[in-house]
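For reference, the structure discussed in these notes is given below.
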Amino acid sequence: MEKKNGAVALSAESQEGRHRRRLARWEAEPGTFEMGVLPQVMNVLEREHIRRDLASDDAFFGFLVERTSDSGAARNFRDALRLYERTRYQEAREKLFASLKADPQFWPASLFLALVAKGTGDFAEAQRRLAEAHSLCPRPSSTEAVILEAADALVFEDHKRQGEALTKALALFPDSGYLLYRLALLYRLEDRPEKAIPLAKKLIRQGWRPDFSPTWELLAHCQLQADQAKDALETCSEGQQRFPTRYRHWLYAAFAYHRLGEESQARATLEEALRKYLDYSTAPRLTAYQFGQYWASLLRWEEKRRELWQQVLAEAERLLKEDPNDSEALQAKGDALTALGKPQEALAVLSTLAQSEGAGAYTFIGLARTHAALGNRKKAQQALAQAEKLWREGSEVARGTLAYNIAAAWAVMGEREKATLWLSRSKELYGFDRLDLRLDPDFDPLRQAGLLRQFETPR
């Protein structure tokens, strides 16, 4: 504040602390300032500070935060983005709700709520939040339309649309590390590691988000897809040093050791991955044990797999004491009993669950495996036919992954032709990659017959 020609003039500016770089400035004409507008001034100043801060980091984020005029909405959105990028989804969700509360018309907050829900597997919530974002932006600009299109394609798992929209978005924001990362991730999901690896290496080389573990995880996964196990081990080693609480750096290293024939090292590394998953992940313990048994199966480690199935069963029974109608726990209990050689007990659980309203395709897949274990081949086929029916109706989410699991059930039953047909459908919907084909024991009947080679070529 200073006097100019006898009148008070007020100016304010915000600076980035370390380098004293100006981020925002506001000035009032001499003699025009009134104290009543000070809160408005501070709101504008803070919002501009946040906008420039985000834009200097990633122009894409800078554009999004410009969609609000409220500094509180901008502040919470900025914090949510940083949490989202570190997969701290629950905290990001809270910040996004706070952002929407401050500005109920701020559609980017709804859009990222959709992405958070997708990241946690809540597809129904993801679709609701995406619809909300569209309703808050009924007449989008050309740039906004591209952003909404990319989010639509991500939530609905339309890879072709997503690739087209990301390419358009990168033309608008060519220096956006976030968009480049999303494109690399898309290539990984499409089983195109030869396109994803250079992008991931570019991000690391340029120093984009040096504290962002998923970039290294993405690179290691793609190197495994490309059967570059030694390169994957190097990437995992660096990731383990940089991010000691992120389990994927140990998980991918375990797969790499397995591919190199170093089984004792693979198993020890998987043990460490499981420990870190349980210690540091926000996933429920039931989910952790379910994933763990699957990972053990990929290493052909039957003893560990059985141990983890026992833990699945114990955790499911604990949850059922709290809520006897917990469908997820009932499904897990039935699957575990079948895997542990108790299909008759499993049948009682899964048959009841299959008769309940809204029973999903995975219930019928589990029931089919149980009938197959009991030698009831016809009933197993009928259960799988019901799973196929639900897949065709389109009400199930992640249809590519579902098709893969239907194929696996047919393969275990020795139905090679049907398994191959469903693998073809899964490939069309990006339900698996080359790493799955190399490791999954359920497909041994197809692997031994040479029927998996047709799926090894890129899409």
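No lab work stands behind these numbers, since they all come straight from the coordinates. The shown structure was predicted, so the numbers you read here are calculated from the model rather than taken from an experiment. No Cβ is skipped: glycine too gets one built from the backbone with ideal geometry, and neighbour counts run over all protein chains shown.
Would you check which residues across the range 431-449 are over 24 Å from Ala372 (Cα atoms) and surrounded by fewer than 20 Cβ atoms within 10 Å (Cβ to Cβ) and list them?
Arg434, Arg438
So how many residues does the range 84-122 have that are more than 14 Å from Val65 (Cα to Cα), of a type in the set (Asp, Glu) and either touching a Ser or Thr at 6+ places or on another chain (Cβ under 9 Å) or part of a helix (DSSP H, G or I) (or both)?
Count: 3.
Quick check, is Trp301 within 24 Å of Leu270 (Cβ to Cβ), surrounded by 19 or more Cβ atoms within 10 Å (Cβ to Cβ), in contact (Cβ under 8 Å) with a residue 40 or more places away in the chain and in contact with a helix residue (DSSP H, G or I) (Cβ under 8 Å, 6 or more places away or on another chain)?
No.
Among (1) in a helix (DSSP H, G or I); (2) under 20 Å from Asp279 (Cα atoms), where does Tyr257 come up short?
All conditions pass for Tyr257, except number (2).
Per-residue answers, yes or no, for (1) touching a strand residue (DSSP E or B) at 6+ places or on another chain (Cβ under 6 Å); (2) crowded, with 17+ Cβ neighbours inside 10 Å; (3) of a type in the set (S, T, N, Q); (4) farther than 29 Å from Glu46 by Cα:
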| site | (1), (2), (3), (4) |
| --- | --- |
| Ser69 | no, no, yes, no |
| Asn76 | no, yes, yes, no |
| Arg93 | no, yes, no, no |
| Leu96 | no, yes, no, no |
| Lys101 | no, no, no, no |
| Ala114 | no, yes, no, no |
| Gly121 | no, no, no, yes |
| Ala126 | no, yes, no, yes |
| Ser142 | no, no, yes, no |
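Only residues that are buried (at least 18 other Cβ atoms within 10 Å of the Cβ) and either among the acidic types (Asp, Glu) or in contact with a Leu (Cβ under 6 Å, 6 or more places away or on another chain) (or both): list them for the range 420-429, please.
Selection gives Thr420 alone.
Out of Leu347, Leu286, report the one residue that is free of Cβ contacts under 8 Å to residues at least 40 places away in the same chain, buried (at least 16 other Cβ atoms within 10 Å of the Cβ), aliphatic (A, V, I, L, M) and in a helix (DSSP H, G or I).
Exactly one of Leu347, Leu286 is free of Cβ contacts under 8 Å to residues at least 40 places away in the same chain, buried (at least 16 other Cβ atoms within 10 Å of the Cβ), aliphatic (A, V, I, L, M) and in a helix (DSSP H, G or I), namely Leu347.
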